[in-house]
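Asks: Okay, handing you the structure first.
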Amino acid sequence: MVLFVFILILSGATILFLGRSSSSFWYTGILSGMTLLIIGFMVYFSKIGGISGELTLLFFFSENIQDKLCAIQIGTNMLSTITIISRALVIFCFAGFSICESNRLSKRTRIILYSVSGFLSLSLALTFIPGVYGALSQTMPQRQLWLLEGFWRSVIISMLILSVCLLILNLHSIKINWLKRRIMFVYFAVFELMCFYVIMGVFTPLQISRLDRIYFMLSRIFYYSSTDSIKIWRFIVGGSILFTITSVVFLLNYLKIDRTLSKPNAKLEKKLLTGDTVVRTFSHGVKNQILANQVLIEDLISSLSENRNDRTKELIFELSWNNRSILQRVNDLNDFFKSKKLVMQPVEVSELILRLINDFEKKEYPVNISFKHTQNCMILADIVLIRQTITNIINNAIDAVMHKGDEGNVEILTHLNRNYVIIEIRDNGCGIPKQQLRKIFAPFYTTKNTRNNWGIGLAYTQKILNRHGGTIRVESIENEGTTVYLFLPRYERKYHANEKRKHNQNIGRG
């Protein structure tokens with residue numbers, strides 16, 4: 001048990017300093033409350049004694065530690081206060097973590113659930129504070145005290161069941177497999193801690209100055225039956241340690257998304273800053289030369305206007321088109337490295353994507369483009385830039401499946417996960433080899449025809465998303481397809497019907 005306390009303290013500190021999100025706040029609260037609760041009962045067990053030698057080794061490592069805990073100068077009332085406050089803190093944080101993780105709950109519902117959980121947890125603590133409980137025990141018959149404790153035990157169990165249900169519903173609502181895998185172990189660990197909490201927080205005296213019948217019943221099972229109790233406690237403590245360590249690892253990996261959303265890619269920024277100076281100097285010189293060439297081409301076209309050589313005219317016009325194309329790409333390159341001021345507006349994601357799909361359908365690509373969204377969600381974005389970003393990803397997906405014709409599929413899905421909107425764009429194309437997957441965000445890297453593509457598409461997409469507080473993730477299996485996830489912060493605000501129409505009109509003009 002001493003090792004478990006150490007693991008809880010270390011895990012709580014790690015999540016507190018590295019997590020920096022609402023989920024990590026609640027999870028740290030769970031670990032902190034569990035630590036206080038276990039320490040309180042370890043002191044309690046050391047003082048009441050009656051534990052077998054094998055369990056003493058499991059609980060305290062040695063009799064020396066047990067003796068030191070027993071020698072701590074702390075009264076029963078103070079010990080009871082610590083255990084009941086930590087008990088209330090843990091159940092509140094269990095509920096808070098589950099509510100925080102639930103994607104489908106509205107803001108109003110969250111506030112109501114937080115308030116009810118806080119009220120119940122505070123009432124639990126106040127009811128069993130030694131002064132209040134002492135007054136109740138003097139005025140209430142013994143039977144009513146047992147009923148009161150039974151009522152609060154049922155409240156605690158009900159809150160735990162509700163928390164489990166919310167976590168299961170949230171896990172079921174997550175459709176992105178890699179995200180679901182990361183969070184699954186976190187939820188398993190939370191459930192395991194709940195089971196441990198039931199033993200330490202429900203099947204122990206709610207007021208430790210009272211040794212009620214439930215305590216005596218369980219003490220025979222857990223503390224005085226040496227053979228069975230050792231096996232049970234080894235399983236409980238060992239499993240708790242394993243799941244706690246595992247949960248911290250997976251929770252930190254899960255929370256990397258939040259850190260990525262709030263912190264741009266440092267390596268990418270360094271490359272972009274280095275490339276900025278070089279490209280600006282290079283593009284300025286190239287642009288001037290292209291403009292001079294264009295003037296000469298125009299003069300040449302004018303001088304050959306009476307010439308009947310169609311082949312010569314055709315070549316000159318092609319040269320002119322190539323020249324204009326290069327000029328446009330130099331301008332695009334300048335735009336890529338130029339940080340324009342964002343014009344942020346609330347955008348309904350489904351409306352934006354539906355308009356983009358409509359534009360693609362007008363071009364009559366020989367592939368299937370479909371869109372599925374689970375619920376309406378809004379982001380705060382520069383409409384023009386976000387349209388360019390999503391269009392670029394869809395274009396890449398179409399290029400990847402073009403060779404399949406009618407069998408080529410491009411699917412667009414939207415998900416809402418905690419505080420951000422995820423736009424998923426997947427195709428059943430040729431996929432990207434692992435060696436190339438690591439390089440796709442590097443500026444000027446491309447596997448396409450460099451005459452028509454300069455390799456700034458995904459780098460530009462990542463830059464725009466970073467400026468919006470978002471990020472991008474790409475998963476691909478060669479010869480099976482590619483999935484791109486665009487993460488953008490969720491925007492919550494209520495609009496009147498005329499304001500919505502105004503935003504939709506802006507999307508259409510973007």
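Asks: Quick check on residue 108: is it among the charged types (D, E, K, R), at pLDDT 75 or above, crowded, with 21+ Cβ neighbours inside 10 Å and in a helix (DSSP H, G or I)?
Replies: So residue 108 does not fit the description; no.
Asks: Quick check: is even one residue across the stretch 135-147 charged (D, E, K, R) and in contact with a helix residue (DSSP H, G or I) (Cβ under 6 Å, 6 or more places away or on another chain)?
Replies: Within the stretch 135-147, not a single residue is charged (D, E, K, R) and in contact with a helix residue (DSSP H, G or I) (Cβ under 6 Å, 6 or more places away or on another chain).
Asks: Could you grab me the full set of residues in the stretch 71-130 that are among the aromatic types (Phe, Trp, Tyr), touching a Ser or Thr at 6+ places or on another chain (Cβ under 8 Å) and closer than 17 Å to residue 162 by Cβ?
Replies: Passing the criteria: 92, 94, 97.
Asks: Please go through the stretch 391-409 and give me each residue that is closer than 18 Å to residue 472 by Cα and aliphatic (A, V, I, L, M), ordered by number.
Replies: 393, 394, 397
Asks: In the set 151, 128, which member is modelled with pLDDT of 90 or more, more than 30 Å from residue 21 (Cβ to Cβ) and not polar (S, T, N, Q)?
Replies: 151
Asks: Let me ask something else about it. Quick one: in the stretch 111-124, which of the residues that are hydrophobic (A, V, I, L, M, F, W, C) and surrounded by 15 or more Cβ atoms within 10 Å (Cβ to Cβ) is nearest to residue 98 (Cα to Cα)?
Replies: That would be 113.
Asks: Among all residue pairs at least 6 apart or on different chains, which show Cβ distances below 6 Å where the first residue, located in the stretch 147-167, is at negative phi and the second is polar (S, T, N, Q) and not in a helix (DSSP H, G or I)?
Replies: Close Cβ pairs satisfying both conditions: 166/102.
Yes/no per residue for (1) surrounded by 15 or more Cβ atoms within 10 Å (Cβ to Cβ); (2) at pLDDT 85 or above:
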{"residue": "335", "(1), (2)": "no, no"}
{"residue": "346", "(1), (2)": "yes, yes"}
{"residue": "367", "(1), (2)": "yes, no"}
{"residue": "389", "(1), (2)": "yes, yes"}
{"residue": "398", "(1), (2)": "yes, yes"}
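Asks: Can residue 146 be described as assigned to a helix (DSSP H, G or I), aromatic (Phe, Trp, Tyr) and at pLDDT below 80?
Replies: no
Asks: Among the residues of the stretch 359-385, write down those that are acidic (Asp, Glu), closer than 22 Å to residue 461 by Cα and without any contact (Cβ under 8 Å) to a residue 40 or more places away in the chain.
Replies: 359
Asks: OK, next. Would you check if residue 117 is assigned to a helix (DSSP H, G or I), modelled with pLDDT of 90 or more and of a type outside the set (D, E, K, R)?
Replies: yes
The values are calculated or read from the model by the stated rules, or taken from the named source; none is laboratory data. Note that the coordinates shown come from a computational prediction; the quantities given were computed from them, not determined experimentally. Positions of Cβ are backbone-derived with ideal geometry, glycine not excepted, and every protein chain shown enters the neighbour counts.
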